[in-house]
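Remarks on the structure that follows.
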Amino acid sequence: MNISIITQYSFIVVAIGTMLLAMATGIVGTISILKGQSLIGDAVGHASLPGIILAFMISGRKSAVILMLGAIVAGIVAFMLIQIISEGSKIEADTAMAVILSAMFGMGMVLKSYIQGNPKYQSASQSGLASYIFGQAAYILREDVYIILAVSVISLALFIVFYKEIKVYVFDMVYAYTIGINSRLTSLLIMIITMILIAAGLKAVGAILISSMLITPAVTGLQWSKSYEKVLVIAAVTGAVSAFLGTFISSAVKGFSTGPSIILIMSVIALFSVLFAPRGIVRMLLNIRKMRVGK
């Protein structure tokens, strides 16, 4: 395995982009886990595909900014539909997410099939749109890194500025209401942060795997500590380490895709944590055994 790869410009660009994204999504993903909304990232990620295709169809260009804006708009529409269905009917939120996820992702695939071979779009470059489905971090450009950097900084800045409100909202909504925290505005803020991170990360990881970057580092952090601050740090570090190792492995081993490699490393770390962390299965079984012996 050629370690000198880490000094190459292309590797540095991809590594910086994926590490920033993984750190930000890992931190923000803790909110979804603790609020019991793990599927929201999956739903929004899949639902963003028709927005990307429509943005390309309208603009005729494959600009990263334009496609990201299309993804954000589609994600907002999906989130609003989920809220309307779950709050205005007897359908549970998870069911509504599954319905919207599959419907909008199907719409995206239909639109993608429509533009392929369509004479109207032959003059515009369509190559690369498939990367928004499965991810293609190896082809991240400097422009993409700048977008990920900007989005990550904005997301983390909003999270830090409104940290107290978010923390109270996540752990005790009743107390948040009594001290005057507007739960709707806080929920909207969390939605915006999640949306822009998902939209920025689609090219690197793809609509299918983007939810794993939100969920997996957060799961790892929650296994190692009960302190929310420590969970945030662990989630960020897990995301960064996984992104670096996944990018390195995919660069060093021919045929390995970057996005899936990153998710695979994250999943291995999460599985290890679920088994052997202080709050993991093995420790729980040992504690049960000690209690039985003590009796």
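Of note:
- Angle of helix 93-115 to the longest C-alpha principal axis of the chain, folded into 0 to 90 degrees and rounded to 10: 20°.
- Cα-Cα over 30 Å, subset of Lys120/Lys254; Lys62/Lys167; Lys35/Lys203: Lys120/Lys254; Lys62/Lys167
- In nm, spacing of pseudo-spin labels at Val268 and Ser227 (7 Å Cα→C-beta vector): 2.9 nm
- Taking Cα atoms only, the orientation of helix 228-252 departs from the longest principal axis of the chain by about 40 degrees.
- Since only Ile12, Gln37, Ile269 are under comparison, the one whose Cα sits farthest along the positive direction of the charge dipole of the chain, derived from C-beta charges on Lys, Arg, Asp and Glu, is Ile269.
- Computed on protein heavy atoms with a 1.4 Å probe, the accessible areas place Val73, Val28 in the order Val73, Val28, largest first.
- Each of Ile147, Leu69, Ile234 was placed along the dipole of the chain (beta-carbon charges, centred on the mean Cα), and the one lying farthest toward the positive end is Ile234.
- For the stretch 1-107, the Cβ-based charge dipole about the Cα centre amounts to some 280 debye (Lys, Arg positive; Asp, Glu negative; other atoms uncharged).
- Only Lys, Arg (+1) and Asp, Glu (-1) charged, at Cβ; the chain dipole about Cα centre in debye: 720 debye
- You can think of it this way: the chain between Arg184 and Arg142 has 11.5 nm of extra reach, that is 0.36 nm per residue less the Cα-Cα gap.
- Between the beta carbons of Thr95 and Leu34, assuming R0 = 25 Å, the FRET efficiency works out to 0.75 to the nearest 0.05.
- Global form of the stretch 1-131, assessed from the alpha-carbon gyration tensor, a/c cut-off 1.5: oblate
- Accessible area ranking (1.4 Å probe, heavy atoms, ligands and nucleic acids excluded), largest first, for Phe276, Phe248: Phe276, Phe248.
- Dividing the summed helix terms, -39500 (n - 2.57) for each DSSP H run of n ≥ 4, by the number of residues in the chain produces a 222 nm estimate of -26000 deg cm²/dmol to the nearest 500.
- Heavy-atom accessible surface of Glu92, to the nearest 10 Å², is about 130 Å², with a 1.4 Å probe and all protein chains retained.
- If you sort Tyr169, Tyr9, Tyr177 by accessible surface, 1.4 Å probe, largest first, the order is Tyr177, Tyr9, Tyr169.
- Residue-count net charge about Ile234 - beta-carbon cut-off 13 Å; Lys, Arg +1, Asp, Glu -1: +2
The values are calculated or read from the model by the stated rules, or taken from the named source; none is laboratory data. As the structure is a computational prediction, the values presented were derived from the model and not from experiment. Quick reminder, even Gly has a Cβ in these numbers, built from the backbone with ideal geometry, and neighbours come from all protein chains shown. Side chains are part of the model used for accessible areas, which takes the heavy atoms of the whole protein and leaves out ligands, DNA and RNA. Shrake-Rupley method; radii C 1.70, N 1.55, O 1.52, S 1.80 Å.
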